[in-house]
1. Which aspartates and glutamates have a Cα less than 19 Å from the Cα of B:Lys170, not counting those fewer than 8 places away in the same chain?
2. Just want the ordering: A:Met1, B:Met137, from fewest to most Cβ atoms lying within 10 Å of their own Cβ.
3. Need one value for B:47-55: mean number of C-beta atoms belonging to other chains within 10 Å of its residues' C-beta atoms.
4. Once a ≥ b ≥ c are taken as the square roots of the eigenvalues of the Cα gyration tensor of region B:19-85, is the result rounded (a/c under 1.5), prolate (a/b larger than b/c) or oblate (a/b not larger than b/c)?
5. Please order B:Arg51, B:Arg124, A:Arg39 by the number of other Cβ within 10 Å, starting at the fewest.
6. For the charge dipole of chain B, defined by +1 on Lys and Arg C-beta atoms and -1 on Asp and Glu C-beta atoms about the Cα centroid, which residue among B:Gly65, B:Ala202, B:Gln181 has the Cα displaced farthest towards the positive pole?
7. For B:Thr126 and B:Lys153, compute 0.36 nm times the residue count separating them, minus their Cα-Cα distance, and round to one decimal in nm.
8. At 222 nm, what value in deg cm²/dmol follows for the protein assembly as shown if DSSP H runs of at least 4 each add -39500 (n - 2.57) and the sum is divided by all its residues, to the nearest 500?
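Taken together, the values in this text are just the output of simple stated rules run on the coordinates, not laboratory data. The structure displayed is predicted, hence computed values, not measured ones. Neighbour counts are summed over all protein chains in view; Cβ atoms, including those assigned to glycine, are modelled from backbone coordinates with ideal geometry.
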Amino acid sequence: MISEILFMNGYGLYVWSSFAFTLLSFFSLFVVTKIQYARERKKFIVKFGNLKSEKASFAKSQSINKQILSNTSGF
Amino acid sequence: MFKYFEPSKIFSITSKAPKYVLFLFIIFISIGLTEALILSPEDYKQSHSVRIMYVHVPAAWITLGIFSSMTLLSIVGYIFKIRNFFLISKSLAPSGFVFIIIALVTGSIWGKPTWGTWWAWDARITSMLILALFYLMYLLVWRLYKNEDKIFKISALITILGIINVPIIKYSVNWWNTLHQPASINILSKSTIHPSMLVPLAIMTAAFALFSLLIFLMKYNTELIKIKNKGLDRL
């Protein structure tokens, strides 16, 4: 049963390599996108932390800024 | 109406959505892979090599859908001067590009046991390669140029020129004698694919669509934070 799934009448190499390439592409794109997101968010947090108090409170009045700071979903 | 497309309103949704989309994607891809690799039957002619269809076809469908959406967004965005539409289009492009690469590579792998060659300059394959180049040009424009107006103009032009290629891709198998087989699934007429293969194909298509939605959401959130970073610089 397992060898049939692996070898697929001699087509196993073609089938498995296609699926492997697809899943590897998905994984790579996901990781790259996640790194880019984390980098931008980190930059935002550092910049926000360096703001003087009145500028920080003005920036915090914008709902999107609050959402970026409080986003703990990992995305 | 367009006030609903404001980034701050959208971010409240897009920042929460990825975890749910990822969860759904994992469910769909797990079922899809089990169906595609184990449960679905082999083809009487192509044997097990037909299983490549379950990654090749959804990737091709979704990349065409993404490019069409990008074109529509770029045109509407340019006419009504809605910057956010360009951001959405930009955020769609990376997954569209990866899907076209998957379609080309898996198509090439499928070609070897089926046609006896990795590559042929036939109408369908060549027109898909041209679309990949349009994706590449689109992505490069956002990297190379700094002036936003220029980026909007050039990227819209690329999508408009590229969309001419989409009907050529679709009908190439009917207009010319190609190695590539004609479509087995038709919306307007009866499909020639058996339900035992149609179901895994539909599940894999849903999984791929969810993945492109996930990447789009993550990319779009990144773009919004980039804008906010520039906003902090100006304070």
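1. B:Asp122
2. A:Met1, B:Met137
3. Partner Cβ neighbours, averaged per residue: 6.
4. Since a/c reaches 1.5 but b/c is at least a/b, the shape of region B:19-85 is classed as oblate.
5. Ordered by Cβ neighbours within 10 Å, fewest first: A:Arg39, B:Arg124, B:Arg51.
6. So the residue we want is B:Gly65.
7. Extra length from B:Thr126 to B:Lys153 when fully extended: 7.0 nm.
8. Taking each H run of at least 4 residues, the total per residue is -26000 deg cm²/dmol.
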